[in-house]
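Written below as structure tokens is the structure these notes are about.
A short reminder: the numbers here are calculations on the coordinates, not readings from a lab. Worth saying up front: this structure is predicted, and the values here are computed from it rather than measured. Heads up, the Cβs are rebuilt from the backbone with ideal geometry, glycines too, and the neighbour counts pull from every protein chain shown.
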Ligand SMILES: C[S@@+](CC[C@H](N)C(=O)[O-])C[C@H]1O[C@@H](n2cnc3c(N)ncnc32)[C@H](O)[C@@H]1O
């Protein structure tokens, strides 16, 4: 029902629905429609951020770690208006299934699939992962998140968003990482108690800690 409300393109809705059914038959660990819709809304918020000034949509650079078969990537790609989403997957069979799903959804011009393991993929310039990112989604191996963050955070622009899945379902395993994010002076984080628990962190400008301590 949510898919009907948000996604206008019938072929995209059909692909998302089919993946939801496949996930019930053999787990491919998709985020599901509620979190898919949150990702869609967050991307759209950034896309529309400049519309008031220029009358144009922003072309975002986005990154996902953990494509699986492309479900969340298709939600995010559907909200984008130009730009690119780089999505990283190390599992060969899921990578190929994602490719077929992205093509069937008609989003292959927006979604760049990276076959490899994070964070090592960032060392390979041939993947073309950009140095400046507007939106990042972590949905891969939980204990590796800090290693993704170390590489990705320096690439995140002021005003960008970092979204982390599984912060409730894997609360104990992710506690240190989540606490670090919540205490980080350049992040403002909000927990969404949907799906497996999603933390949405907005990146403030580099000058924020200095401004806070400034008396003028
Ligand atoms: C939870 S699933 C992703 C689901 C997907 N985001 C969705 O909602 O449609 C996690 C995926 O991340 C992949 N993965 C785990 N650790 C990875 C890493 N370090 N680098 C690349 N892929 C990884 C796994 O193979 C798995 O397919």
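To the nearest ten degrees, helix 171-183 and the longest principal axis of the Cα atoms of the chain are 40 degrees apart. For helix 92-104, report the angle its Cα long axis makes with the longest principal axis of the Cα atoms of the chain; keep it between 0 and 90° and round to the nearest 10°. Between the helix axis and the principal axis of the chain, the angle is about 80 degrees. Highest mean packing comes first when the peptides 121-129, 28-36, 72-80 are listed by Cβ atoms within 10 Å, giving 72-80, 28-36, 121-129.
Under the shape rule built on the C-alpha gyration tensor, where the axes satisfy a ≥ b ≥ c, the stretch 2-207 is rounded, since a/c falls short of 1.5.
Of 84, 115, 183, which is the most mobile in a GNM of the chain whose springs link Cα atoms less than 10 angstrom apart? It is 183.
Taking a point 7 angstrom from the Cα of residue 120 along the C-beta vector, which residues in the stretch 60-95 have backbone N less than 14 Å away? The answer is 89-92, whose backbone nitrogens lie closer than 14 Å to the label point.
GNM remark for the chain: springs join alpha carbons under 10 Å apart, and the peak mean-square fluctuation among 88, 163, 56 falls on 56. Within the chain, DSSP assigns beta bridges of which about 35% are antiparallel (rounded to the nearest 5).
Expressed as a rounded percentage, what relative contact order does the chain have, with Cα pairs under 8 Å and six or more residues apart?
16
With the simple spin-label model, which puts each label point 7 Å out from Cα in the Cβ direction, the residue 108 to residue 91 separation comes to 2.3 nm. Listing 17, 99 from fewest to most neighbouring C-beta atoms within 10 Å gives 17, 99.
Axis angle, to the nearest 10 degrees, between helix 33-47 and the longest C-alpha principal axis of the chain: 50 degrees.
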